[in-house]
Every structure is written in C-alpha cells, then in structure tokens.
Amino acid sequence: MSTTSKPYGIVVFSHLRWNFVWQRPQQFLSRFAKDHPVLFVELADFDLAESESPRVELSSVAPNVTVFVGHFPLSYQATAKVTEFLQSGVREAMNSLDIERPLLWFYNPMDSGWTLGHFAERGVVYDCMDELSQFKGAPPELIEREAALIKAADVVFTGGYELWTKKSKQHPNTHFFGCAVEYDHFAQAQEEGPIPEDLAAIPRPRVGWFGVVDERVDYELLRQAAAARPEISFVVVGPAVKVDPADFPQAPNLHWLGGRDYAQLPHYCRGYDVCMMCFALNEATEFINPTKALEYLATGKPVIGTAVRDVVRQYQDTVKIANSPEEFVTLIDDALAGKQADMVSAGIEKARAASWESTVSAMEEIIDEALSASPNLKSKI
C-alpha cells in the first residue's frame, strides 16, 4: 500500500464514535490500520463529577486502532482547559503508540480549531462524508471551521458526488470516493438460515430498514405506507439519534426495533422481503450518499428508495425510486410480486464489484502523492 519508507501514524478526529453504527470511518480506518497505527479521537465526554479531575480513556478497539476519549466535569465545557488538556493528551497518546509526525484525518470540522497548527503533522486529510452544517443541531461556527480545515487540507475526500461538486470548488485536490460494501458479510442474507427472534415474531411480508434513525428518515412516508398496506409489516432497525422515539408514528404493522450490531444486520435482511431507503428530502439528505444502498443490494433483496440525488445518480438501474407515498407502496407491491428480479441480479453484481479494499488502496495512492509534495512535511511546531 503505502510507498513511504516507514508507516506513518494516523490521528483521526471524529464526531462519530467508533462503537456506534459501523460505517464509513470504521470501514476506512480499520483497513488503513493494516499499515498505519490509528489513534481515533472521539468527542469529549462531560460525564465526571465536579470533584473529579479530567482524564483520558484509551482503548484498543481493533488491530492497530486505539480510541481516545477525554472525560471532564461539566464545568469544563467551553473552556480553554478542555483544549489544553486534549492537546496534551493527544500528544501523550501519540508517544505511547510511537506515532511521530502523523497524518491528521478529520471527520469533524469543529476539531480543526484546537488541532490545526498544534501538531507536527505530515499532512491533513478531510474525509467529508456529510454536509454537517445542514444537520439538526449543527453549531453556527461549523461553516467557518470547515472552511479553515479545507484551506489547510492536502487532500479532501467526499462521500457523495453532490458533495464533490460543492467541495471541489473549494479545494483543487478533492476526490469523490463513495460507498463500498463488505459483500461477503451482507451476502449472508442470500443464504438459508435463521433470522432473529424479534423479527421472526413479526408477520410477513416484511419491508425493512437498518441504519441510524434521525432527521433524515421520512416518518410521514412510513406512516402513510403502513396505513395504506396494513397487511405488510414495516420494520425499522437502528438507534434513534437527535429524535424522540415517542414521536415516531405508531401502527400495528410498524415496528421500531432499535439498534443492532453490525454482525447481526445480514440476519435481519435475510428476514426482509424488501429493503427500503425511506429518506426524507430535506437539508439533511441533500448531499448524502447512503452506505446502506450497496449493503442492501448485496443481500439480494429488492430495494425501494426515495429520490435522494446521489441515489438516483448511482442506483436508478438497481433501486426503484419512488416520488410519492403512493408510488412507494406501489413499488413495494411490484417487488413482492417478483417484478424486480432483473434489478436484483444487477444489484448483486454491482455490490460484488464495490469493495472497501479497492477504495482504500486508491485513496492511499492519492494521499502518498499529496504528501510527497506537501509543505506540511516540515514541522509546524
């Protein structure tokens, strides 16, 4: 992979926790970790009693991957003490892992304020997987922090084509690397086998979702679909984030099962008859490129989606796109009647050809080329 003489370390700053939903950051960094030690810096926790002193928690979560979490009393929030402690803690963690002159890798632009210019990095990568400024609860200063991060970056990656069209206007070395899939993992759903007990108790036919349940889900679409097809079970698997489950639409045939481990997802899909991408069309979904699209295709199930731009651009040959609640249920009827067999076969082949390994290899070539010409190879401190 890397052409450098000594494997460099990667220090990652993420708004997503490693042990949350297994998605793009974990897929990429677990593979980069085969050649590079990874320090994965999560958001600080303000969970200590006022009598306790700040502390750092380091945990090994995967081969060559260490998670860093700073813990503070609530009174430390929004103070310079947090910044100073985190900077010192990251340096100490780097020393303990024998990481010198790391590549700084950002998912969270907010972290650019206390990191850029404060470490002897060899380069800066911004992997922009979402337009976070358009998400619910985004801090107002995020746009300014992201602009500073893009200016400092040697390479910008985007998780969607629409994101690439926007960020490539801000940085000349911007590259679109969308989703990939662990095909063999999700293809387990194509095989005969058991399904989870909670799903088995739900009547068929089943139309299912897995993924984070937040402001990107079209709850009104689910409500209308469940009402229009009471004989069909609509199943949602995934943790609720920034939304109150008490506000979810309720119906006898609408089932909210909560979060499940990544290892279990193919077994849930084995019990689905149709997979759905019931995304709302709003600010939060304007630039998304859902990882679940290829994961669904690998299961060998028919897939129904809404008209998210990156989904339409990349998957209209393998995913049926609905433009209204009425069309959504009609497409489900067609899928259950076996009218999408050709699309299912094409979807399996598309998923089979899209590996995370090939994506990571191409990304690392771009990074190595950028580092070889980067002035950041000179110490900044």
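The values are calculated or read from the model by the stated rules, or taken from the named source; none is laboratory data. Worth saying up front: this structure is predicted, and the values here are computed from it rather than measured. Neighbour counts are summed over all protein chains in view; Cβ atoms, including those assigned to glycine, are modelled from backbone coordinates with ideal geometry.
Here are a few things to note about the model shown:
- Any pair with Cβ under 6 angstrom, 6 or more apart, that starts in the range 228-245 at a residue that is polar (S, T, N, Q) and ends at one that is part of a loop (DSSP other than H, G, I, E, B): S233/I202; S233/P203; S233/N253
Condition check ((1) within 24 Å of D127 (Cβ to Cβ); (2) assigned to a helix (DSSP H, G or I)) across all residues:
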{"residue": "K166", "(1), (2)": "yes, yes"}
{"residue": "H175", "(1), (2)": "yes, no"}
{"residue": "V181", "(1), (2)": "yes, no"}
{"residue": "D184", "(1), (2)": "no, yes"}
{"residue": "G193", "(1), (2)": "no, no"}
{"residue": "L199", "(1), (2)": "no, yes"}
{"residue": "I202", "(1), (2)": "no, no"}
{"residue": "A226", "(1), (2)": "no, yes"}
{"residue": "P230", "(1), (2)": "no, no"}
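- S133 modelled with pLDDT of 95 or more and of a type outside the set (A, V, I, L, M, F, W, C): no
- Condition met for T299 (within 23 Å of A341 (Cα to Cα), surrounded by 16 or more Cβ atoms within 10 Å (Cβ to Cβ) and in the same structural domain as A201 (by TED's automatic domain parsing)): yes
- The range 273-284 residues that are in a strand (DSSP E or B), paired with ones that are at pLDDT below 95 and not small (G, A, S) (beta carbon under 6 Å, 6 or more apart): F279/T285
- Residue-level analysis places L48 among those that are over 25 Å from A354 (Cβ atoms), surrounded by fewer than 19 Cβ atoms within 10 Å (Cβ to Cβ), more than 24 Å from the chain's Cα centre (by Cα) and modelled with pLDDT of 95 or more.
- Restricting E100, E121 to those that are assigned to a loop (DSSP other than H, G, I, E, B) and buried (at least 20 other Cβ atoms within 10 Å of the Cβ) reduces the list to E121.
- Tally, over the range 316-375, of residues that are over 22 Å from the mean Cα position of the chain (by Cα), under 21 Å from A293 (Cβ atoms), of a type in the set (G, A, S) and assigned to a loop (DSSP other than H, G, I, E, B): 1
- Members of the range 325-355 found to be hydrophobic (A, V, I, L, M, F, W, C), surrounded by 13 or more Cβ atoms within 10 Å (Cβ to Cβ) and modelled with pLDDT of 95 or more, listed by number: F328, V329, L331, I332, A335, L336, M343, V344, A346, I348, A351
- Tabulated pairs, the range 165-186, first touching a residue at least 60 places away in the same chain (Cβ under 8 Å), second in a loop (DSSP other than H, G, I, E, B) and of a type in the set (D, E, K, R), C-beta under 9 angstrom, 6+ apart or interchain: K166/E131; N173/D154
- So Q190, is it within 25 Å of the chain's Cα centre (by Cα), at pLDDT 95 or above and among the polar types (S, T, N, Q): yes
- Residues of the range 237-258 that turn out to be touching a helix residue (DSSP H, G or I) at 6+ places or on another chain (Cβ under 8 Å) and in a strand (DSSP E or B), as a count: 5
- Which listed residue, of G160, G137, G89, is under 23 Å from the mean Cα position of the chain (by Cα), under 30 Å from E52 (Cα atoms) and not aromatic (F, W, Y): G137
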